[in-house]
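Participant: Okay, here's the structure, questions in a sec.
The values are calculated or read from the model by the stated rules, or taken from the named source; none is laboratory data. What you see is a predicted model, and the numbers here were worked out from it, not measured in a lab. No Cβ is skipped: glycine too gets one built from the backbone with ideal geometry, and neighbour counts run over all protein chains shown.
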Amino acid sequence: MTSARTPFKGLVLAGLMAAMGSAAFAAAPDAPPPPPPGMGHRHDPAEMREHMLKRQAALKAKLNLTAAQEGAWSTFTAALQPPAKGPRPDRAEFDKLTTPERIDKMRALRTERDAEMDKRTDATKVFYAVLTPEQQKVFDANAMPHPGQPGHGGPDGHGPQGQPPKG
């Protein structure tokens with residue numbers, strides 16, 4: 001007998017390879033990896049509040065405020081408190097809306113968020129104005145994380161995917 005290939009053997013071999021390839025695709029996929037830090041992860045509101053209060057206390061200590069500045073500090077920190085949130089919008093109710101109604105609903109929610117952001121930024125500017133130039137330098141260095149510092153986009157100062165911020 002000769003070892004020459006016949007067309008039938010080639011077809012059988014191709015069929016086997018195709019079956020193995022499709023079996024690999026049909027295998028159950030692995031569980032998706034966890035989301036990167038800061039992406040889709042829900043924090044405990046009590047933990048977040050505790051963290052915010054610790055940061056505020058540390059900042060206040062570094063600023064070495066005078067008695068005359070205490071009222072401005074209280075107004076500033078009160079404005080930073082997150083708004084009381086009602087229940088999340090009902091997804092089933094949202095799905096019943098028409099596209100223009102959904103757009104209007106999302107626009108209203110965005111307007112609320114923007115108003116809260118404006119309140120916080122205005123309070124920050126008012127407080128900043130009562131600080132001495134030296135205190136302003138301390139505030140600039142400590143009040144908000146800067147790109148490349150921990151807390152800005154991730155634990156290592158990088159963006160959500162572990163990449164350095166563009167700039």
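Participant: Only residues in segment 109-122 that are at pLDDT 90 or above count as the first member; pair them with residues that are not aliphatic (A, V, I, L, M), Cβ under 7 angstrom, at least 6 apart or cross-chain, and list the lot.
Facilitator: From segment 109-122, the pairs are GLU116/PRO83.
Participant: Then there is this: Which of (1) farther than 30 Å from SER74 by Cα; (2) modelled with pLDDT of 95 or more is the odd one out, the single condition ASP95 does not satisfy?
Facilitator: (2)
Participant: Still on this model: Where the second residue is surrounded by 10 or more Cβ atoms within 10 Å (Cβ to Cβ) and among the aliphatic types (A, V, I, L, M) and the first is closer than 15 Å to MET52 by Cβ and lies in segment 73-101, which pairs have Cβ atoms under 6 Å and are six or more apart or on separate chains?
Facilitator: Partner pairs satisfying both residue conditions: TRP73/LEU65; PHE76/ALA123; ALA79/ALA123.
Conditions (1) of a type in the set (A, V, I, L, M, F, W, C); (2) under 27 Å from PHE139 (Cα atoms); (3) touching a Pro at 6+ places or on another chain (Cβ under 9 Å), marked per residue:
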site	(1), (2), (3)
GLY71	no, yes, no
THR77	no, yes, no
LEU97	yes, no, no
GLU101	no, no, no
ARG110	no, no, no
ASP114	no, yes, no
ASP118	no, yes, no
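Participant: Okay, next question. Of all the residues that make up segment 49-74, how many are polar (S, T, N, Q) and part of a helix (DSSP H, G or I)?
Facilitator: Looking only at that region, the number is 3.
Participant: Select, from GLN163, GLN149, the only residue that is modelled with pLDDT of 50 or more and farther than 22 Å from GLN81 by Cα.
Facilitator: Exactly one residue qualifies, and that residue is GLN149.
Participant: Say whether the condition of being out of contact with any His (no Cβ under 8 Å at 6 or more places or on another chain) and at pLDDT below 90 is met by at least one residue in segment 63-80.
Facilitator: Yes, segment 63-80 has at least one match.
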